[in-house]
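Participant: Submitted below is the structure of interest, expressed as structure tokens.
The values are calculated or read from the model by the stated rules, or taken from the named source; none is laboratory data. Just so we're clear, the structure is a prediction, and the values are computed from it rather than from any experiment. We place every Cβ from the backbone using ideal geometry, glycine too, and count neighbours over all the protein chains shown.
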Amino acid sequence: MATSPVGGRPGATATLRVNGVDRVVPLLPDRSLLYVLREELELTGTKYGCGEGECGACKVLLNGVAVRACKTPVGEAVGPPIETIEGLASSAERLHPVQKAFIEAGAFQCGFCTPGMIIAAVSLLKRLPEPTDEEIRAAMDGNICRCGGYARILEAIRNAATTAHVPSRSV
Amino acid sequence: MSSASSHRPFDLMEPTERPYFDLLGTGLVGVVPGQRPGPDGWGRGGPPHGGAWVHVGEDGRARAFIGKVDVGQGTRTALCLVVAEELSLPLSAVELTMGDTDVCPWDMGTFGSRSMPDAAQHLRSAGATAGAALRALGAKRLGVGPDRVELSNGSVVVRGADSGPSVPYRDLVRGLRKVELASPAVVPVAPSSWKQAGHPTTEVTAEEIVTGARRYTSDLRLPGMLHGKILFPPSYGARLVKVDLAGARTVPGVTAIHEGEVVAVAAPDLLSARLALSKIRAEWESPPQPDEKEVVEFLRNHPAEGEDFWDVMHHSTGDVASALGQAPISLRATFTSAYIAHVPLETRAVLASWEGGRLTVRVGTQTPFRARDALADALSLSPSDVRVIVPPTGSGFGGKHTTDLAIAAARLSKASGRPVRITYSREEEFVHAYFRPMAVIDLDAGAEKDGTLTAWQFHVLNAGSAAARTPYRVANQKIDNQPTDSPLPQASYRALAATANNFARESMIDELAARVGEDPVAYRLRHLEDDRLATVLRAVTERAAWVPRDHYGARPPAPTGQGVAVGLEKGGRVATFAEVRVDEQRRLEVRRLVTGYECGAIVHPSNLRSQVEGGTVMALGGALFEAVHFDNGRILNPRLSEYRVPRFHDLPPIEVILLDRPDLPSQGGGETPLIGVAPAVANAIFDATGTRLRSLPLAPDGLVP
């Protein structure tokens, strides 16, 4: 890894628990969790969309709750379990119920917002296993789908809520 | 280095000379030859194209190749479906390579809703050509006449025999190196007989999308890769006077270049690249640019030569001046639409690398072959020495035609000797891309006392000619588009000028109906020349339970209003119904939208429905609140916190009615469904309030002005 001249104490590291696995990363506390996930750990399912917490494409579960990785300094992510889109399915054959519901509803077009949408939905359904449409809209309003697929995403979350209350895999 | 000859792109070779079997192994190939642009940039009797080709291999699978790209509009699955259909293979046995300039047929670019009318038809023909060859081979193997056999689930079988003799494709193509060129004698399966195409299907990309496994350009990396940043001008039109790269070069590991128009840096990590960029000292000369308030006058005073889809357009029938002079009813109004941004959720991204003397550029572009040629030009290479690959792309909406970032990455990669990736920040994506052109439309309409249209003068400034023509019967017409200079960069956009032109026309039609107190649906139906469009309008008003209106336009303001609009563009027919509520504080709520759409034979109905739903939402943003604000060549709202796009809370109930016409050629569905939304909402606002809004966006602050 190249030494960065930008901030941080050279050589300092931290351990992140990502998708159930301990990962050692350079500790540059000002760096965002998004940067570390994508650039250091190559977990690229978590997307950069805006860098200002407006679009939700970078959402990951921190302690089971969706957070915007672009606005989360990596220092704040040391300790609690982190779950990214890559960690949701236990295998290709065993997709998370929310992932299945997205496929069944055809709830994506370009797919770039989908990981963040799914993470936000998983977080919502943990908190509110049977949300109303209004609760879904309110919880998902921080996630942008520029392709305009909101109706199908709503349908997918609704279906995921009614077909299964399976919490995401514990990490 | 000359590795070129061994990498000669397929599109630069004759269809029969391409090394298909070196690439994919022995088998059978069906090829549709291309049609290059003529001297006027257009092909003979249709758009230029590079055709298509389909390989059936010894594994019994089909691999198809097309020059179009899927940047999120779902054409990949639709195009796989038509190949699966022609070859009677399960969808899972079909692979499709799109937009790889080394092996795909040449293509002018993915725009203008051409993937269904062009690419799908070429792939049908290529598939049918391979299918006919398989039937001939199978019949021979089975010892029957070619007309006695058919293709069934990967095998050639004797027609009508339930458990008769059959032979799988893999056995027929073993050891074969056969190239069949499409001929008019080979006819693809008629849409009315489709077994797979035309039926709802899960997207072939579904699983990789929901698991996060899908690698977009911005997710790609190569060993030793550097991160690039481009130095952009501080305002539109600014010219670089002087630049000093010394500061940037003090950052460890940085390569800094100033070549041609490109000033850029590359560094081992993004933060170092940003730091290096901030250390470049540049002087710019920034010519003054008009601000937002004076833009209409600016466009009026700056006519320009036409080019590309900005073509100067003149259409004239009858004598519009004298018809307007004699008309008992005449209305005149000016309509405008603002500059708006594409805001693809994946910002522009590119990854460039060199191997020997050959350049490979992975880039989310809608025009890979144009990008290849631009790269070859900029770097003084032969097109054969450039390969452009389009990875999965996080949407485009007409916004990803640019090649400047690809050129910058290629130059940085050459200078540093390392692969270089550039991903735009959101702000860069807003500011250093281009916008949907602003429209100013001056409209004069004349009618008899009973409202019958007699004169139609439609003058478009800057936006373009799409959907400028009218689908209504009117004897005296003058329709033209005048390109102008622009105070902001502008180019292609989903539906482009059709949104503004349709907004102007459908608003004016509504004004005419209101002027004579006629029901706006009946008024449209009695003037529509196109039966297909009338059918769509009827279907929508039936679903919306439209109650014909007496004395339209004369009722006092009411909390809710309803409006309709139609549109005919790129072969698609759309009708939109809108219901709005405007409360006492003039707050606007869109309560319901119904979009009806007909585009010939539907190839992939679930995706078409998705496109119409999503397009309706996107159109709602431009109709209600999206606008780029600017002053003196600078963008004032280049962030998602400042430029509002539709979110969940903006989503009204949307109903979609698809009218399937298997008897008609398939047309695109990504653009035309958008163009009824703005006028239907504006007409509904008029119905509710009596206020006629003639500028998009209609209610930027959520309030009816």
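Participant: Count, please, the residues in region B:531-558 that happen to be in a loop (DSSP other than H, G, I, E, B), more than 21 Å from B:LEU453 (Cα to Cα) and modelled with pLDDT of 95 or more. Full working, then the answer.
Facilitator: Initial filter on region B:531-558 (in a loop (DSSP other than H, G, I, E, B)): B:544-558.
Those still in the list that are more than 21 Å from B:LEU453 (Cα to Cα) too: B:544-547, B:555-558.
Imposing the further condition that a residue be modelled with pLDDT of 95 or more reduces the set to B:544-547.
The qualifying residues number 4.
Participant: Any residue at all in region B:677-691 that is within 14 Å of another protein chain (Cβ to nearest Cβ) and either touching a Gly at 6+ places or on another chain (Cβ under 7 Å) or closer than 19 Å to B:ALA439 by Cβ (or both)? Don't jump to the end; show me each part of the working.
Facilitator: Filtering region B:677-691 down to residues within 14 Å of another protein chain (Cβ to nearest Cβ) leaves B:677.
Pick out the ones that are also either touching a Gly at 6+ places or on another chain (Cβ under 7 Å) or closer than 19 Å to B:ALA439 by Cβ (or both) and you get B:677.
Yes, region B:677-691 contains at least one residue that is within 14 Å of another protein chain (Cβ to nearest Cβ) and either touching a Gly at 6+ places or on another chain (Cβ under 7 Å) or closer than 19 Å to B:ALA439 by Cβ (or both).
Participant: I'd like the full set of residues that are surrounded by 24 or more Cβ atoms within 10 Å (Cβ to Cβ) and either part of a loop (DSSP other than H, G, I, E, B) or not assigned by TED's automatic domain parsing to the domain that holds B:LEU176 (or both), limited to region B:45-88.
Facilitator: B:GLY50, B:GLY51, B:GLY67, B:LYS68, B:VAL69, B:ASP70, B:VAL71, B:GLY72, B:GLN73, B:GLY74
Participant: Another one. Sort out which residues of region A:93-106 are β-branched (Val, Ile, Thr) and within 7 Å of chain B (Cβ to nearest Cβ), and write them in order of number. Show your work before the answer.
Facilitator: First pass over region A:93-106, keeping only residues β-branched (Val, Ile, Thr): A:98, A:103.
Correct list: A:ILE103 only.
Participant: Among the candidates B:GLY228, B:GLY247, B:GLY224, which residue alone is among the small types (Gly, Ala, Ser) and on the phi > 0 side of the Ramachandran plot?
Facilitator: Selected residue: B:GLY224, the only one of B:GLY228, B:GLY247, B:GLY224 that is among the small types (Gly, Ala, Ser) and on the phi > 0 side of the Ramachandran plot.
Participant: Against the definition (modelled with pLDDT of 95 or more and more than 8 Å from chain B (Cβ to nearest Cβ)), how does A:ALA121 come out, yes or no?
Facilitator: Numbers: modelled with pLDDT of 95 or more: yes; more than 8 Å from chain B (Cβ to nearest Cβ): yes.
It is true that A:ALA121 is modelled with pLDDT of 95 or more and more than 8 Å from chain B (Cβ to nearest Cβ).
Participant: Further question: Within the group B:VAL656, B:VAL645, which residue is over 20 Å from B:ARG591 (Cβ atoms), touching a helix residue (DSSP H, G or I) at 6+ places or on another chain (Cβ under 8 Å), within 14 Å of chain A (Cβ to nearest Cβ) and hydrophobic (A, V, I, L, M, F, W, C)?
Facilitator: On the way: B:VAL656 fails: over 20 Å from B:ARG591 (Cβ atoms).
Residue meeting the stated conditions: B:VAL645.
Participant: For a quick check of your reading: which helices (runs of 4 or more DSSP H) sit entirely within region B:426-530 and have at least 2 residues that are of a type in the set (A, V, I, L, M) and at pLDDT 95 or above? Full working, then the answer.
Facilitator: Working: elements: B:426-431, B:497-515, B:520-527.
Filter on region B:426-530 gives B:497-515, B:520-527.
Participant: Could you list, ordered by first residue, the pairs with Cβ atoms under 8 Å in which the first is in region B:447-473 and under 25 Å from B:ALA304 (Cβ atoms) and assigned by TED's automatic domain parsing to the domain that holds B:ALA491 and the second is assigned to a loop (DSSP other than H, G, I, E, B) and among the charged types (D, E, K, R), at least 6 apart or interchain?
Facilitator: B:GLY464/B:ASP311; B:SER465/B:ASP311; B:ALA466/B:LYS570
Participant: In region A:73-88, what count of residues is obtained for those that are surrounded by 21 or more Cβ atoms within 10 Å (Cβ to Cβ) and free of Cβ contacts under 8 Å to residues at least 60 places away in the same chain?
Facilitator: Result for region A:73-88: 1.
Participant: Would you say B:ASP510 is among the charged types (D, E, K, R), assigned by TED's automatic domain parsing to the domain that holds B:THR689, surrounded by fewer than 24 Cβ atoms within 10 Å (Cβ to Cβ) and on the phi < 0 side of the Ramachandran plot? Spell out how you get there, then give the answer.
Facilitator: Numbers: among the charged types (D, E, K, R): yes; assigned by TED's automatic domain parsing to the domain that holds B:THR689: yes; surrounded by fewer than 24 Cβ atoms within 10 Å (Cβ to Cβ): no; on the phi < 0 side of the Ramachandran plot: yes.
Against the criterion (among the charged types (D, E, K, R), assigned by TED's automatic domain parsing to the domain that holds B:THR689, surrounded by fewer than 24 Cβ atoms within 10 Å (Cβ to Cβ) and on the phi < 0 side of the Ramachandran plot), B:ASP510 does not qualify.
Participant: A further question on this structure: Please verify whether region B:292-311 includes one or more residues that are of a type in the set (Val, Ile, Thr) and outside the structural domain of B:LEU620 (by TED's automatic domain parsing). Let's see the steps before the verdict.
Facilitator: The initial filter retains those residues of region B:292-311 that are of a type in the set (Val, Ile, Thr), namely B:295-296.
After this cut, where a residue has to be outside the structural domain of B:LEU620 (by TED's automatic domain parsing) as well, the list is B:295-296.
Yes, the conditions are met somewhere in region B:292-311.
Participant: What about A:LYS59, is it more than 10 Å from chain B (Cβ to nearest Cβ) and farther than 13 Å from A:LEU16 by Cβ? Walk me through it before giving the result.
Facilitator: Working: more than 10 Å from chain B (Cβ to nearest Cβ): yes; farther than 13 Å from A:LEU16 by Cβ: yes.
It is true that A:LYS59 is more than 10 Å from chain B (Cβ to nearest Cβ) and farther than 13 Å from A:LEU16 by Cβ.
Participant: Scan B:THR250, B:THR202 and give me the residue that is within 30 Å of A:VAL60 (Cβ to Cβ), surrounded by fewer than 23 Cβ atoms within 10 Å (Cβ to Cβ) and within 14 Å of chain A (Cβ to nearest Cβ). Please lay out each step first, then the result.
Facilitator: Numbers: B:THR250 fails: within 30 Å of A:VAL60 (Cβ to Cβ).
Only one candidate qualifies: B:THR202.
Participant: Is it the case, given these coordinates, that B:PRO605 is crowded, with 20+ Cβ neighbours inside 10 Å, in contact (Cβ under 8 Å) with a residue 24 or more places away in the chain and within 14 Å of another protein chain (Cβ to nearest Cβ)?
Facilitator: On the way: crowded, with 20+ Cβ neighbours inside 10 Å: no; in contact (Cβ under 8 Å) with a residue 24 or more places away in the chain: yes; within 14 Å of another protein chain (Cβ to nearest Cβ): yes.
Judged against the criteria, B:PRO605 is not a match.
Participant: I'd like to check which strands (runs of 3 or more DSSP E) are fully inside region B:315-400 and have at least 2 residues that are within 14 Å of chain A (Cβ to nearest Cβ). Steps first, please.
Facilitator: Details: elements: B:329-337, B:349-355, B:358-363, B:386-389.
In region B:315-400, the matching strands (runs of 3 or more DSSP E) lie at B:349-355.
Participant: Since B:LEU220 meets every condition but one in (1) within 9 Å of chain A (Cβ to nearest Cβ); (2) out of contact with any strand residue (DSSP E or B) (no Cβ under 8 Å at 6 or more places or on another chain), which condition does it not meet?
Facilitator: (2)
Participant: Given the criterion at positive phi and modelled with pLDDT of 95 or more, identify the matching residue among B:GLY567, B:GLY596, B:GLY561, B:GLY600. Reasoning before the result, please.
Facilitator: Values: B:GLY567 fails: at positive phi; B:GLY596 fails: at positive phi; B:GLY561 fails: at positive phi.
Sole residue among the options that is at positive phi and modelled with pLDDT of 95 or more: B:GLY600.
Participant: For the subset of region B:404-423 comprising residues that are surrounded by 24 or more Cβ atoms within 10 Å (Cβ to Cβ) and either among the basic types (Lys, Arg) or at pLDDT below 95 (or both), which member is nearest to the chain's Cα centre (by Cα)?
Facilitator: B:ARG421
Participant: What is the residue count in region B:214-245 for residues that are under 19 Å from B:LEU412 (Cα atoms) and either hydroxyl-bearing (Ser, Thr, Tyr) or touching a His at 6+ places or on another chain (Cβ under 8 Å) (or both)?
Facilitator: 6
Participant: Looking at (1) more than 9 Å from chain B (Cβ to nearest Cβ); (2) under 23 Å from B:SER425 (Cβ atoms), which one does A:SER90 not meet, given that it meets all the others?
Facilitator: Only one criterion in (1) more than 9 Å from chain B (Cβ to nearest Cβ); (2) under 23 Å from B:SER425 (Cβ atoms) is unmet by A:SER90, namely (2).
Participant: Another one. Just to be sure, is B:LEU533 under 31 Å from the mean Cα position of the chain (by Cα), touching a residue at least 60 places away in the same chain (Cβ under 8 Å) and over 13 Å from B:TYR472 (Cβ atoms)?
Facilitator: Numbers: under 31 Å from the mean Cα position of the chain (by Cα): yes; touching a residue at least 60 places away in the same chain (Cβ under 8 Å): yes; over 13 Å from B:TYR472 (Cβ atoms): no.
Taking the combined requirement at face value, the residue does not satisfy it.
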